[in-house]
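The next block holds one structure in the form of structure tokens; read it before the comments.
The values are calculated or read from the model by the stated rules, or taken from the named source; none is laboratory data. Bear in mind the structure is a predicted one, so any value in this text is a computation, not a measurement. Cβ: placed from backbone, ideal geometry, glycine included. Neighbour counts: every protein chain shown.
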Amino acid sequence: MKQLELIFKNGADKNRTLRIKQPKENLSPDIVQQAMERIVEADAFYLEGDKLYAEPSSARYVERIVTDIFKN
């Protein structure tokens, strides 16, 4: 399963990751960065008074492969 990870700096300058399942593939860096800026500008996500997504940091596609070894 492929995910798009949007990594932001929060209000405390720590990394916060927003994961999007089943994203559109081959998005350009400009499109992703614009989307991240919109999330920041929405100013809608806070936790205990700290802004969760204060500044875009990076973005990446992540693909996870799961191989069962044992299953009841």
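A few points about this structure:
- Across region 33-72, the qualifying residues are those that are in a strand (DSSP E or B) and of a type in the set (Gly, Ala, Ser), and the one among them that is nearest to Phe8 (Cα to Cα) is Ser57.
Matching residues to (1) within 11 Å of the chain's Cα centre (by Cα); (2) at pLDDT below 95; (3) surrounded by 13 or more Cβ atoms within 10 Å (Cβ to Cβ); (4) hydrophobic (A, V, I, L, M, F, W, C):
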site: Leu6; (1), (2), (3), (4): yes, no, yes, yes
site: Gly11; (1), (2), (3), (4): no, yes, yes, no
site: Leu27; (1), (2), (3), (4): no, no, yes, yes
site: Pro56; (1), (2), (3), (4): yes, no, yes, no
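So that you can scan it fast, the table gives a plain yes or no per residue for (1) at negative phi; (2) surrounded by fewer than 15 Cβ atoms within 10 Å (Cβ to Cβ); (3) free of Cβ contacts under 8 Å to residues at least 60 places away in the same chain:
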residue: Ala35; (1), (2), (3): yes, no, yes
residue: Asp43; (1), (2), (3): no, yes, yes
residue: Asp50; (1), (2), (3): yes, yes, yes
residue: Val62; (1), (2), (3): yes, yes, no
